[in-house]
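Let me begin by presenting the structure, written as structure tokens, before commenting on it.
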Amino acid sequence: MSSSTPANYVHSPEFPENYGDFRLISSDRVVFSFPRFLLAHVSPVFKDMLEIGTEYPMGQQAELRLAENFTTLDQLLRLLDPTKRPLPIHIDTIEGLLESAQKYQVER
């Protein structure tokens, strides 16, 4: 874990540190490293957030804390990243996945 990540946070095994140039942090403190260009490409909401985002010091990744939990973000990001294999969708997780896709205006 990098020195810029608090000790009580963990990195996603599927989207580890430096996988992308932007950090999404779930409500249960899991850090997803994801490419900015891909977020902006698949979601007009993320695109707007990235365009008006805060500047970070050189060498520090920008980050965004989200209301979604690990399971929901993991499923959503696997669907958005063409190099990742999506997880099977279960009845107990589909509601959160659909809500987050609608919230961020993801059409894929």
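The values are calculated or read from the model by the stated rules, or taken from the named source; none is laboratory data. Quick caveat: nothing in here was measured; it's all calculated off a predicted structure. Neighbour counts are summed over all protein chains in view; Cβ atoms, including those assigned to glycine, are modelled from backbone coordinates with ideal geometry. All accessible areas refer to the heavy atoms of the entire protein, side chains included, with ligands and DNA or RNA removed. Shrake-Rupley method; radii C 1.70, N 1.55, O 1.52, S 1.80 Å.
Here are some notes:
- Contact annotation: residue pairs with Cβ atoms under 9 Å, 6 or more positions apart or on different chains, pairing a residue in region 66-84 that is within 13 Å of residue 104 (Cα to Cα) with a partner that is of a type in the set (Asp, Glu) and open to solvent by 60 Å² or more (accessible area, probe 1.4 Å), are 68/99; 72/99.
- Residues in region 36-88 that are open to solvent by 20 Å² or more (accessible area, probe 1.4 Å), within 12 Å of the chain's Cα centre (by Cα), at pLDDT below 95 and not aliphatic (A, V, I, L, M): 36, 63, 65.
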